[in-house]
1. Tell me which DSSP H helices of the chain clear both cut-offs, 24 Å or more of axial length from alpha-carbon atoms and a mean Kyte-Doolittle hydropathy of at least 0.0.
2. Taking loop as defined by DSSP and a crowding limit of 15 other beta carbons within 10 Å, which GluC sites (Glu not before Pro) in region 1-52 fit?
3. Give the aspartates and glutamates whose C-alpha is closer than 12 Å to that of Lys51, dropping any in the same chain fewer than 8 places away, or say none.
4. Hey, what's the chain come to in accessible area per residue, 1.4 Å probe, Å²?
5. Enter the Cα centre distance for the pair region 44-118 and region 141-187, rounded to the nearest angstrom.
6. For region 59-147, rounded, prolate or oblate, judged on the Cα gyration tensor with a ≥ b ≥ c (square roots of eigenvalues), a/c < 1.5 rounded, else prolate if a/b > b/c?
7. On the accessible surface of the chain, probed at 1.4 Å, how many percent belong to carbon and sulfur atoms?
8. I'd like to compare 143-151, 68-76: which one has the highest average count of other Cβ atoms within 10 Å, and what's the full order after that?
Amino acid sequence: MSKTVLVAGASRGIGLEFAVQYAAEGWHVIAGCRAPEQARRWMPATVDLQKLDLTDANSIAALGWHLDDDPLDLLIACAGVFGPDTGSFAAPGDDAFNSVMHTNVLGPMRLIQAFGTNVARAQGVIAVLSSRMGSIGETSGSDALAYRCSKAAANMVVKAAANEFGPQGATVISLHPGWVRTEMGGPNAQVGVSESVEGLRRVIANLSTDDNGSFLDYTGRNLSW
Ligand SMILES: NC(=O)c1ccc[n+]([C@@H]2O[C@H](COP(=O)([O-])OP(=O)(O)OC[C@H]3O[C@@H](n4cnc5c(N)ncnc54)[C@H](OP(=O)(O)O)[C@@H]3O)[C@@H](O)[C@H]2O)c1
């Protein structure tokens, strides 16, 4: 029987590439997008496109009702926004801060609350696309404060979810995809999107339950929190 993955934030970039690669491997791919009717044009025909806005609790709940108790082998929280790139230490405005935190922190929190049990039922994996920019131990810059803080907070969401769903059989991890050439990463980024996602898929495929609560990059390297 084919495995099922729910990719949250699959309209472009890393999320789209996850959907494309897992569909090519014969997985049942559920792709959550804010505008599924647009994404249909470039999404593989086998992909089950569903409306999903991570900043809208009703939208997450609606997908939850749709999936009901169906087991999920993999849940990938991919949706993210970068917010203002201030270049140096500068607090963002209220709206920018709220938007980044809402999408990057409250989004995965609600997503995991809604689907954690579905993943645990399949003894599956919950992966949150975090970033090395959210690693307190590896931080060398002072720019993009809202983004950095949001990914550090997302890492806490992962740790707490690992405590909750790990004992139920799920493996919950934070992932750093590298600096990737997407709309967010920009054209000068070091890693192509297919290379990043191939690496991330390899990392996910090689996980054991001992990896519950880990922070890994696309090459499998452990990052400090
Ligand atoms: N690229 C990098 O170098 C890099 C490095 C480290 C971590 N990451 C992380 O990796 C993840 C994917 O990044 P990316 O480079 O693929 O970014 P991207 O190209 O900017 O794509 C962002 C994706 O998130 C979706 N999204 C944003 N807000 C959403 C919401 N409220 N509900 C549902 N979907 C939403 C977007 O959908 P729409 O089309 O509807 O806007 C789009 O599909 C992000 O979490 C990012 O922080 C990226």
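1. On the way: long enough: 145-165 (29 Å, 0.34).
Length and hydropathy pass: 145-165.
2. On the way: sites: Glu17, Glu25, Glu37; in loops: Glu25.
Of the GluC sites (Glu not before Pro), the ones in loops of region 1-52 whose Cβ has at most 15 other Cβ atoms within 10 Å are Glu25.
3. Answer for Lys51, where 12 Å is the Cα cut-off: Glu37, listed by chain and number.
4. Values: 10460 Å² over 225 residues.
Per residue, the chain has 46 Å² of solvent-accessible surface.
5. 12 Å
6. On the way: a/c = 4.28, a/b = 2.00, b/c = 2.14.
Here region 59-147 falls in the oblate category.
7. Values: 5250 of 10460 Å².
C and S fraction of accessible area: 50 percent.
8. Result, highest mean first: 143-151, 68-76.
The values are calculated or read from the model by the stated rules, or taken from the named source; none is laboratory data. A quick note: this is a predicted structure, and the numbers were derived from the prediction, not measured. We place every Cβ from the backbone using ideal geometry, glycine too, and count neighbours over all the protein chains shown. When the accessible area is computed, the model is the full protein with side chains, heavy atoms only, and any ligands, DNA or RNA have been set aside. Shrake-Rupley method; radii C 1.70, N 1.55, O 1.52, S 1.80 Å.
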